[in-house]
Amino acid sequence: MNLSGKKILIAISGGIAAYKIHFLIRDFIKKGAEVQAIMTPDAENFVTKLSISTLSKKPVYSDFYSDNGTWNSHVEMALWADVMIIAPCTAGTLSKMVHGMCDNLVIATYMSAKCPVFIAPAMDLDMYAHPSTKRNLELAESFGHIIIPAENGELASGLVGQGRMSEPETIAKTIEDFFNSTTKKTLEGKTVLITAGPTYEAIDPVRFIGNHSSGKMGFSLAEEASERGAKVILISGPTSQKLQNKNIELHKVTSAKEMLHKVFEFYDMADIGIASAAVADYAPKEVATEKIKKNDDNLTIELVKNPDILKTMGDKKTHQFLVGFALETQNEEENAKGKLEKKNLDMIVLNSLRDEGAGFKNDTNKIKIFTQTEKKEFELKSKDDVAKDILDFVESQLLK
Ligand code: C5P
């Protein structure tokens, strides 16, 4: 799941399972979340602030004050968070939480938190089975917290039984399921067809004409539309992007002609079409069957125009809401509006190569959106957040 914009507070207490938190943090960061980690003083015997802060990309706190005398505000961190995870949660930390024994930064932060709290206990099997732990877990549940139960298996003591902290993947999935359940399914029942990435036009068996498109914008749009409950069909040229959401139907193509054919396999069923692919405008007229030898000083390749996929979608539009992209270097607004008209679009997203951070290879983008009657300008943002803005705008138009 794409976790961009999500704020996750992780509190680490002192147990050997703390080493697994590195993997959890790395996973959250990779998926775009912001992670703030805090530790109990004892947790520092198991993991270092350096390793945790390197992965979380933020300073890690274990005390109310830093050495330079600044206050590490437990209130600010608690109110910042969308979720708080206590992992590993030792028997001692669990007991302090449910009894309000506020003697360290983790407990003070926990007691200031208004967000959902997830607890991943970890302890030896007899401690886990002890009536006091059982009662404390019940108390935590009665506060509305979510327990991610310890698993069965080998424990650090050498004993075998229930007490191992849940694996990072299980904790991550619990958190993702939670976020997913809170995302409004505003595109439920809609089918969204998206083109993404570059196209490669073969010259011979080893060479092609292509471009620098990373495919990131289209993949972000696909993830976001899928999270909003849409059925997503993503038709992508060659890219190294990976999908998080398993429900997205990905069709890989290479050339513009293949992309065109694939698009029209699904066009009738689409409610929304978004063309974010950077389609090559021309392709070699003939594709050499053997590798072209470098015999001459000059080589001429005759190029012929590729089909304009989006214009064809516009010409054949029946009920679809059509969104195009324009990447311009001059007369940006005029050109974008011209394409809106010429390709029979409902909306066009303009990114100007003159804006730093916008365009092809960056992880960020700065856009303006135009319809026949409206214009809206956005700040420079991550492509994941730009995808949210684009779909918010599409939704607002569909409601009209
Ligand atoms: O005309 P131009 O290439 O600037 O238009 C850009 C928009 O048209 C993008 O949305 C792009 O995905 C789409 N396009 C297309 N097929 C082409 C060229 C562009 O779908 N052959």
Worksheet item: On average over all directions, what projected area in square nanometres does region 7-182 have, based on the convex hull of its Cα atoms?
Response: 9.5 nm²
Worksheet item: With respect to the cross-link table entries 368/400; 311/383; 185/246; 242/342; 7/57; 311/368, which display a Cα-Cα separation exceeding 23 Å?
Response: 311/383; 242/342
Worksheet item: Can you give the % of DSSP beta bridges in region 7-182 that are antiparallel, to the nearest 5?
Response: 25 percent
Worksheet entry | Loop trypsin sites (Lys or Arg not before Pro), region 218-321 (other Cβ atoms within 10 Å of the site Cβ: 15 or fewer; DSSP) | 242, 246, 285, 291, 293, 294, 316
Discussion item. If I stretch the segment between residue 19 and residue 154 completely, what's the gain in nm (0.36 nm per residue apart, minus their alpha carbon distance), one decimal?
Written reply: 47.0 nm
Fill in: region 84-192: trypsin sites (Lys or Arg not before Pro) in DSSP loop, at most 16 other beta carbons within 10 Å
114, 184, 185
Worksheet item: To the nearest Å, what is the center-to-center distance of region 1-22 and region 121-169, using C-alpha atoms only?
Response: 17 Å
Worksheet item: Which value in Å is the Kirkwood Rh of region 307-366 over different Cα pairs?
Response: 12.2 Å
Worksheet item: When Lys and Arg each count +1 and Asp and Glu each count -1, what net charge do the other residues less than 13 Å away from residue 60, Cβ to Cβ, add up to?
Response: +1
Worksheet item: How much length, in nm to one decimal, is gained on full extension between residue 251 and residue 376, taken as 0.36 nm per residue of separation minus their Cα-Cα distance?
Response: 41.8 nm
Practice prompt. Find, among the GluC sites (Glu not before Pro) in region 146-204, those assigned to loop by DSSP (not H, G, I, E, B) with at most 13 other beta-carbon atoms within 10 angstrom.
Written response: 188
Practice prompt. Rounded to whole Å and sorted largest first, list the principal axis extents of the Cα atoms in region 147-296.
Written response: 74, 42, 22
Practice prompt. Would you mind estimating how fast region 318-400 diffuses translationally, via Stokes-Einstein at 4 °C and 1.567 mPa s with the Kirkwood radius over Cα pairs, in µm²/s?
Written response: 100 µm²/s
Item to complete: Divide the volume of the convex hull of the Cα atoms of the chain by its number of residues and quote the answer in cubic angstrom per residue.
Response: 205 Å³
Worksheet item: What Kirkwood radius, in Å to one decimal, follows from the Cα pairs of region 191-398?
Response: 17.6 Å
Worksheet, complete the sentence: Between residue 269 and residue 400, the FRET efficiency computed from the C-beta separation at R0 = 35 Å comes out, to the nearest 0.05, as 0.95
Worksheet item: Which entries in 114/366; 216/305; 173/343; 285/388; 343/376; 190/262 show an alpha-carbon gap greater than 30 Å?
Response: 114/366; 173/343; 285/388
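None of the figures in this text is laboratory data; all of them are computed from the coordinates on show. Here the structure is a predicted model, which means the values were calculated and not measured. Counting neighbours? That spans all protein chains shown, and the Cβs are built from the backbone with ideal geometry, glycine included.
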